[in-house]
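**Q** Would you mind keeping the following structure in view while I ask a few things?
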Amino acid sequence: MQLRSLKHPLFLLLALLLASTFAFVACSDDDDDDADATATATEDAGGGATIDISGVEELEDGTLTIGSDIAYAPIESFEEGTDNAVGLDIDIAKAMGEKMGVDVEFEQVADFAGIVGDLTSGRYDIVMSAISITPEREAEIDFVAYLGPVGTAVVTPADNPFGITTIAKACGRIIGAQDGTFQVDQMTALNEGDCKDDPIDIRTYPDNPAVITDLELGRIDAALMDDPVGAYAVLQSEEDIAISVFGYEGAEYGIGVRKDSTELNRVLQEALDAIIADGTYADILEEWGLAALALQ
């Protein structure tokens, strides 16, 4: 099943979940010698540029290179059986690229947990991968916020056998999440606080599909991931998983930029502002069923 066929059900599920909660939150790479680990999504910007990028060193070659973990639908993923990257991040980046008059190229990172280090080492111009803006990440890189706040969902077997109806009830359970995500930080914080006497057994995985697989196989009691990703996983399932907690904490998604890339940061913000102003941003969010998570 292709992702875009689920855009309307995803919007409806998100809207229902958002209506039932008072809090939002968000979730939110190393070797380039593997040819199979690189995938591109390129848009010919043509003559539609409206932003002056002269003097922006990273864009002198006419391409904005973006590091991303392309396994987090509907934010970014590969169309089934192809190396064609699709998703919210892809479309937003392409629209921004058109405003700047540059091509956009997404590259698959080796490891999401190392995505910030990959950026600071100069492997990519920017990183864009459902990255939650946290104080720890802001200490290393700068961000252009573009979505949210987005929350964390707890996904359980459909019958929720362990009764995880609040985040505190995750204490003592085996909980999975993708390595390097905001959700791992959240569980670590819980183990230092509410779950100190009955800690969560935290299991980490290289990508989110692996988390869902182990949940469906009963190897973990629950899984933590971003709200829209959890909603998408439930829609993809055979009704064997469900969201039991939605909107835990909250953080915006951000485009990661090196701290010394000040001019690039400036034009990225201008490009984002431009697609918000002309309605393109709203159209893209609606297309992916994520209008409820528009930047506040």
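**Q** May I ask you to say which residue of Phe143, Phe162 is under 22 Å from Asp179 (Cβ atoms) and aromatic (Phe, Trp, Tyr)?
**A** Phe143
**Q** Please go through (1) of a type in the set (S, T, N, Q); (2) in contact with a Phe, Trp or Tyr (Cβ under 6 Å, 6 or more places away or on another chain); (3) in the same structural domain as Val184 (by TED's automatic domain parsing) for Thr165 and return the number of the only condition it doesn't satisfy.
**A** Evaluating Thr165 over (1) of a type in the set (S, T, N, Q); (2) in contact with a Phe, Trp or Tyr (Cβ under 6 Å, 6 or more places away or on another chain); (3) in the same structural domain as Val184 (by TED's automatic domain parsing) leaves (2) as the failure.
**Q** Kindly evaluate Asp283 against the criterion of being over 21 Å from Phe143 (Cβ atoms) and either under 16 Å from the mean Cα position of the chain (by Cα) or surrounded by fewer than 23 Cβ atoms within 10 Å (Cβ to Cβ) (or both).
**A** yes
**Q** Same structure, new question: Please find, within segment 169-185, the residue that is nearest to Asp221 (Cα to Cα) out of those that are out of contact with any helix residue (DSSP H, G or I) (no Cβ under 8 Å at 6 or more places or on another chain) and in a helix (DSSP H, G or I).
**A** Among those that are out of contact with any helix residue (DSSP H, G or I) (no Cβ under 8 Å at 6 or more places or on another chain) and in a helix (DSSP H, G or I), it is Lys169.
**Q** Same structure, new question: Looking at segment 57-90, which of the residues that are among the hydroxyl-bearing types (Ser, Thr, Tyr) and touching a Phe, Trp or Tyr at 6+ places or on another chain (Cβ under 6 Å) is farthest from Pro206 (Cα to Cα)?
**A** Checked segment 57-90; the qualifying residue farthest from Pro206 (Cα to Cα) is Thr65.
**Q** Restricting the first residue to segment 232-252 and requiring it to be within 14 Å of Pro209 (Cβ to Cβ), which pairs with a second residue that is among the hydroxyl-bearing types (Ser, Thr, Tyr) meet a Cβ separation below 8 Å and a spacing of at least six or different chains?
**A** These pairs meet every condition: Ile241/Thr156.
**Q** Is it true that some residue in segment 256-271 is of a type in the set (D, E, K, R), more than 24 Å from Tyr124 (Cβ to Cβ) and exposed (fewer than 15 other Cβ atoms within 10 Å of the Cβ)?
**A** Checked segment 256-271: no residue is of a type in the set (D, E, K, R), more than 24 Å from Tyr124 (Cβ to Cβ) and exposed (fewer than 15 other Cβ atoms within 10 Å of the Cβ).
**Q** Given the options Thr38, Thr65, name the one that is modelled with pLDDT of 90 or more and more than 24 Å from Gln183 (Cβ to Cβ).
**A** Thr65
**Q** Which residues, taken from segment 189-204, are surrounded by 14 or more Cβ atoms within 10 Å (Cβ to Cβ) and within 21 Å of the chain's Cα centre (by Cα)?
**A** Ile202, Arg203, Thr204
**Q** Could you list, in sequence order, the residues of segment 68-90 that are buried (at least 22 other Cβ atoms within 10 Å of the Cβ) and over 13 Å from the mean Cα position of the chain (by Cα)?
**A** The answer is Ala85, and nothing else.
**Q** Turning to a different aspect of this structure: Which count do you get for residues in segment 255-279 that are outside any helix (DSSP H, G or I), under 19 Å from the mean Cα position of the chain (by Cα) and under 15 Å from Asp91 (Cα atoms)?
**A** Total satisfying the criteria: 1.
**Q** Run down Ala210, Ala274 and say which single residue is modelled with pLDDT of 95 or more, assigned by TED's automatic domain parsing to the domain that holds Thr63 and hydrophobic (A, V, I, L, M, F, W, C).
**A** Ala274
**Q** Which condition number does Gly97 fail, the rest of (1) small (Gly, Ala, Ser); (2) under 20 Å from Gly247 (Cβ atoms); (3) modelled with pLDDT of 95 or more being met?
**A** (2)
**Q** It is to be established whether one or more residues within segment 220-235 are small (Gly, Ala, Ser), buried (at least 19 other Cβ atoms within 10 Å of the Cβ), at pLDDT 95 or above and touching a Ser or Thr at 6+ places or on another chain (Cβ under 6 Å).
**A** So far as segment 220-235 goes, yes, one or more of its residues are small (Gly, Ala, Ser), buried (at least 19 other Cβ atoms within 10 Å of the Cβ), at pLDDT 95 or above and touching a Ser or Thr at 6+ places or on another chain (Cβ under 6 Å).
**Q** While we're on this one: Pick from Glu287, Glu238: which is in the same structural domain as Met187 (by TED's automatic domain parsing), out of contact with any Phe, Trp or Tyr (no Cβ under 9 Å at 6 or more places or on another chain) and at pLDDT below 95?
**A** Within the list Glu287, Glu238, the selection yields Glu238.
**Q** Just to be sure, is Ile131 crowded, with 18+ Cβ neighbours inside 10 Å, over 30 Å from Leu235 (Cα atoms), outside the structural domain of Pro206 (by TED's automatic domain parsing) and modelled with pLDDT of 95 or more?
**A** Here the answer is no, as Ile131 does not meet what is asked.
The values are calculated or read from the model by the stated rules, or taken from the named source; none is laboratory data. From a predicted model like this one, the values you see are computed outputs, not experimental measurements. Glycine also receives a Cβ, built like all others from the backbone with ideal geometry; neighbour counts cover every protein chain displayed.
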